[in-house]
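Reviewing the structure listed below.
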Amino acid sequence: MFLRVSSRRLVGLNRFFHSTSNLMSAPRFTPASRVASFDTDVWSIFTPLAAETKAINLGQGFMNFGPPAFVQEAAKHAIDQVESNQYSHPRGRIRLRNALAASYSPEFGRELNPETEIIVTAGANEAIFATFAGFLDEGSEVICMEPFFDQYIPNITMNGGKPVYVPLRAPADSSERTVSSHEWRLDIDELRSKITSKTKIIIINTPHNPIGKVFDEEELMAIGKVAEEHDLIILTDEVYDRLYYPPLKKFPRIASLANFWERTITVGSGGKSFAATGWRVGWLIGPEHLVKYSFAAQTRVVFCVNSPCQEAIAAGLEASLVKPIFQEQTDEYLKKRGILSAVFDKLKLPYTVPEGAYFILVNTAKISYPKDYKFPELLDSRGEDFKMCYWLTKEIGVCSIPPSEFYVKEHWPLAKDFARFAFCKTDDVLNEAVKRLEKLEQYIKK
């Protein structure tokens, strides 16, 4: 039996399908300029590649272990409390703000006011976004030190600002020997030369991702004096502040030096401090006359931060006041750093020894992958280090991150011989990564 359709209906159906096809294929909606220029980010390339090839992912800085058991229990307990499942105060839950004040007042050398000088944020990234939203006008400039945390740039540009770049430079012989992260230096005169009448903020990252550098007091004083000379705000990203290694005995904070407190906003992270990056609990600490504008922006972005996880981070900070939680954590990370760095010593590959955080920058100049190796076209428009990290992931089975992602294009050559490896993983994962990395020996130029 055949279905009979009139010619009129056929014409109508053809028109319908033709118009529907056009609707589906035509670019009817154009994005805002603030997002239209974003490229495919490094995580969208290497995270799926690591999963597809079953490589060990030492690229991203997330832990494959949970927070301390008592912190997890505090989160579970909070969920059982009615009030912890409702909106928190936009400034953050008072228990957490009090815990932050108790923990950080000795660090800053001043009594912090939890009502006016501390804001709880939806992770450190949102803290930075809210600060830029609170201070940047169209065309305002922000000094960024390269390599930079990649989220700084969209956080600046989406708020109308313009990033201006000043690189930290590795020692000239870093391809020949293992160096300390402290040997990466900022040229203060170069920093000063980048400042214009539109400059509003200098952003510092210490301990630094990906270098691991902890800026010492002399370096911080020099940066602070430049900020004073030009009346600039200092935004200091200190999310790894609880993770610094011997011989450092105290973590230097620019907000505690000279009179820099009056112009400094400090960013912290519960996720980094307690292995809970998915909880998205961070904070801002600074004088009321600065943080109130970050708070004004945050209230219009997220309004408040999730309640149960704030209670759990508060429990962690409270415990750290009477138990050596952060020292024990540092000892564990020192062991992990030793596991991973040992293989690079064995292979005679130079690297940067981090003073803080949990990344090792390895110099890859001695590694030679096959000249005829086929790479996806996507990598042709990226820095040279992308191909090295792609090959390491696919053929060696260990994923690292190409640090040119953290540089402006004109400075990509500064990163071409580096790969970033994260050691915030369990020992068994690191030991398996070491076994795989040992296969590099046949590819190393003698």
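Details
- Any hit, region 421-431, residues being part of a loop (DSSP other than H, G, I, E, B), out of contact with any strand residue (DSSP E or B) (no Cβ under 9 Å at 6 or more places or on another chain), open to solvent by 10 Å² or more (accessible area, probe 1.4 Å) and touching a residue at least 40 places away in the same chain (Cβ under 8 Å): yes
- In this structure, residue 392 does not satisfy being touching a residue at least 24 places away in the same chain (Cβ under 8 Å), over 27 Å from residue 168 (Cβ atoms) and over 20 Å from the mean Cα position of the chain (by Cα).
- Restricting attention to region 128-163, the residues that are under 15 Å from the mean Cα position of the chain (by Cα) and not hydrophobic (A, V, I, L, M, F, W, C) total 7.
- Checking each residue in region 53-99 for being open to solvent by 30 Å² or more (accessible area, probe 1.4 Å) and among the hydroxyl-bearing types (Ser, Thr, Tyr) picks out 53, 87.
- Residue in region 183-206 that is in contact with an Asp or Glu (Cβ under 7 Å, 6 or more places away or on another chain), touching a residue at least 60 places away in the same chain (Cβ under 8 Å), among the aromatic types (Phe, Trp, Tyr) and open to solvent by less than 30 Å² (accessible area, probe 1.4 Å) present: no
- Boolean, residue 330 is within 21 Å of the chain's Cα centre (by Cα), open to solvent by less than 20 Å² (accessible area, probe 1.4 Å) and among the polar types (S, T, N, Q): yes
- For region 342-379, residues that are of a type outside the set (D, E, K, R), in contact (Cβ under 8 Å) with a residue 24 or more places away in the chain and open to solvent by 10 Å² or more (accessible area, probe 1.4 Å) total 9.
- Single residue of 435, 409, 439, 446 found to be out of contact with any strand residue (DSSP E or B) (no Cβ under 8 Å at 6 or more places or on another chain), open to solvent by 20 Å² or more (accessible area, probe 1.4 Å) and closer than 16 Å to residue 382 by Cβ: 409
- Complete set of residues in region 296-314 that are of a type in the set (A, V, I, L, M, F, W, C) and surrounded by fewer than 23 Cβ atoms within 10 Å (Cβ to Cβ): 296, 297, 301, 302, 303, 304
The values are calculated or read from the model by the stated rules, or taken from the named source; none is laboratory data. This is a predicted model, so every value here is computed, not measured. Counting neighbours? That spans all protein chains shown, and the Cβs are built from the backbone with ideal geometry, glycine included. SASA here: full protein model, heavy atoms, side chains in, ligands and nucleic acids out. Shrake-Rupley method; radii C 1.70, N 1.55, O 1.52, S 1.80 Å.
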